[in-house]
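Throughout, read-outs are computed from the coordinates displayed, never taken from laboratory work. Note that the structure is a prediction, hence the values are computed from the model and not measured. So basically every Cβ, Gly included, is an ideal-geometry build from the backbone, and we count neighbours across all protein chains shown.
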Amino acid sequence: MSAENLSETRISVEVRAFAPGNLPLIEQVKIVDMEEQLKNVVVDYNFDTFSFLFELLQKAEEDGLPLSAVFETFEIDTVNLAEKYQGTNCTGLSMLLQRNLREQKLETTLVPAYGNYLITEAADEYAEVRTVDLVGLMQRDLKSQETIFLAPGLTIDKPIFVREGFQVESYGNQYIITRSGEESFEVASVKPDGDIVRRDFSIKKLQIQINRYKKTLLEQEPDIR
Amino acid sequence: MTRQHKDGRRDFVTFDFPRRIFRVSVEGKTLDFDIENFKSYVLGNSEILGQVFRNPHFMEGFSAFADNVDSIKNELLLPEIQHILSEIWKSS
């Protein structure tokens, strides 16, 4: 693969409108189980983007092929990478948590955060999505429901309620929900030195493909509508 | 690669392509290594690194990574990002 071809490669993101109200409701008493599963993923698995390269390098060695050739047919299964290397990226950690929660009949969906954050515009265009995490819908009481945000990819070990001004502390950082709306919400991460990183999460169902090679990076979620 | 501990500590390994430097932070101590020294460090500290990062493929993974830095850079790293990274390091 030439450098020119590599530059043409983009990870494209497809989203479709998604109403959290269509998610199966999570009982409020289950929040403890959710938090336990979330803590387990955050503590037991590394945030590890080397795992992709380790896997690619192993395959290149096994097949006796250049990295670029292996990359073209490389199938990424982020949950399996997490199990094999005890760590993976934010999407893989979220999918791992989603799988574990699903085993307890707790349904969530992957949601993307967009925004410029990488070192160049080209890098941002390459990836488009900044972070992938999870939302679920909790039955607050008989009449009201509330969206829950779970972010193992951001190393947040506590569930966050998507309501304006909601705050949690996790591993020294403060996380605050701002600009919450029906279609999106912002998570402001305040670091101990006062630096703030803002991520805009879109409440939309997510699919990702590397368009040049038509790779699907996410498993197809069951239709929960 | 980042290991998050329950008490808030974080251990990590990163690689800086423009400077060809590994940065390793373990148990509060942060060290920079060039590629050859990193390989020696990993070999000499395999037990503690294995315990810290819990990655069962830590040794062979980083060994392969260190041996293939140029291939990774030339074949997989976007040229425009390589260029910007280099410019940033020149000006810093």
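A few comments on the model shown:
- Potential lengthening between residue A:139 and residue A:169 on full extension [0.36 nm per residue; Cα-Cα distance subtracted]: 8.4 nm
- Region B:16-67 shape via C-alpha gyration tensor axes, a/c threshold 1.5: oblate
- Peptides A:90-98, B:18-26 ordered by average Cβ neighbours within 10 Å, highest first: A:90-98, B:18-26
- For the segment B:53-65, counting C-beta atoms of other chains within 10 Å of every residue's C-beta and taking the mean gives 5.
- Between the amide H of residue A:88 and those of A:46, A:48, distances stay under 5 Å, these residues lying 5 or more places away or on another chain, with hydrogens modeled in the peptide plane.
- The mean number of Cβ atoms from other chains found within 10 Å of a Cβ in peptide A:146-152 is 0, as a whole number.
- Across peptide A:43-56, the average count of Cβ atoms from other chains found within 10 Å of a residue's Cβ is 6.
- Relative packing of A:140-148, A:105-113, A:37-45, which averages over residues the other C-beta atoms within 10 Å, highest first: A:105-113, A:37-45, A:140-148
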